[in-house]
2 protein chains.
Amino acid sequence: MKFKLILSFLLLAPCFVAFSQENQSVKSEKQGIAVADKGLIKISVMYPFAEGKTFNMEYYETKHMPMVAGYLGANLVKYTIEKGLSSGIPNQPLPFLAIGTFYVKSLSEYQAAVAPNRDAIRADFANYTNVVPVILVSEVVK
Amino acid sequence: MKFKLILSFLLLAPCFVAFSQENQSVKSEKQGIAVADKGLIKISVMYPFAEGKTFNMEYYETKHMPMVAGYLGANLVKYTIEKGLSSGIPNQPLPFLAIGTFYVKSLSEYQAAVAPNRDAIRADFANYTNVVPVILVSEVVK
């Protein structure tokens, strides 16, 4: 009788652990916390708006970004794309048409992956934009 | 005997569910997929670098951003902070000292939340920077 009780408890113990772990994951997802981002290196490719400048978001999203992401391998944690809508300051022009970012674990690995492909990447710009981008390397604080 | 078997199975069934749910959450977190971001509105407050410009990241992270986040309520999905390290283009100056972003569900709700607090937000700038920020409103594509 006592043995069966202990056995049942041992069988159920991992389940309690699973429940508590699941709740933590669900909770952090619901809070929108990307717990893996802090400390990562982020490369932001930012396309400034100006009169006469164009940007093909469909090509950028379906062709260009996946191509560059493919060069980066496992060092790439994720990439993001945003489409500029307006300035947040009244009467100011749109600052950027679009921004694409890469979150990587190692900056030197990123640079090593990009270097042999730099010409291909630059040549592909003409397929979606006539803007010369600004590129920011930053560290994710939060 | 059969009853005890069925009872044990019923007790363990939720545990299998918990295990499978936990794996899915852990998997999507490990993939770094922020499944909730696409379609959100993003407000990026970007502090350009220039000679003589300063930025106090500790105050920004511990005081200013939480203060503004507090004004935004449930409309705010998450906020992020990054610290500028360098340009990604050789021999180009650092584009931005720092960028703080807010991911919200509704732009109009964001604007309505900020409007009565605009003076307080602007007054707080002096506590961490002498840079006038650029503000971008964008839509998250990916």
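Throughout, read-outs are computed from the coordinates displayed, never taken from laboratory work. Note that the structure is a prediction, hence the values are computed from the model and not measured. Because the Cβ atoms are built from the backbone with ideal geometry, glycine has one as well, and the counts that use them run over all protein chains shown.
Data for the structure
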item	result
Restricting the range B:48-114 to trypsin sites (Lys or Arg not before Pro) in coil, as DSSP defines it, with at most 16 other Cβ within 10 Å	B:Lys53, B:Lys105
Shielding of A:79-91 by partner chains, average beta-carbon count, 10 Å	6
Inter-copy separations for B:Leu7, label at 7 Å along Cα-Cβ, nm, ascending	1.4
5 angstrom amide H check on B:Lys78, placed H, neighbours 5+ away	B:Tyr103
Distance between modelled label sites at B:Met67 and B:Ser106, nm, 7 Å Cα→Cβ extension	2.6 nm
Cβ-Cβ FRET estimate between B:Leu10 and A:Ala74, R0 fixed at 41 Å, reported to 0.05	0.45
Too-long pairs where the Cα-Cα distance tops 20 Å, listed order kept, from A:Lys63/A:Lys105; A:Lys63/B:Lys105; A:Lys78/B:Lys42; A:Lys38/B:Lys78; A:Lys142/B:Lys42; B:Lys78/B:Lys142	A:Lys63/A:Lys105; A:Lys63/B:Lys105
Under 5 Å, built H, 5+ apart or other chain: amide partners of B:Leu40	B:Val140
Vicinal HN-Hα couplings computed from phi for the range B:91-97 (Karplus, 6.51 cos²θ - 1.76 cosθ + 1.60; Hz; Gly/Pro x)	6, 9, x, 3, x, 9, 5
Rounded to the nearest 20 debye, dipole of the range B:60-119 from Cβ charges on Lys, Arg, Asp, Glu	60 debye
Using a 7 Å Cα-to-Cβ projection, B:Ala69 label spacings across copies, nm, ascending	2.6
Other copies of A:Gly52: label-to-label distances in nm, shortest first, labels 7 Å along the beta-carbon direction	3.3
Label-point gap, in nm, between B:Ala115 and A:Ile135 - each point 7 angstrom along Cα→Cβ	4.2 nm
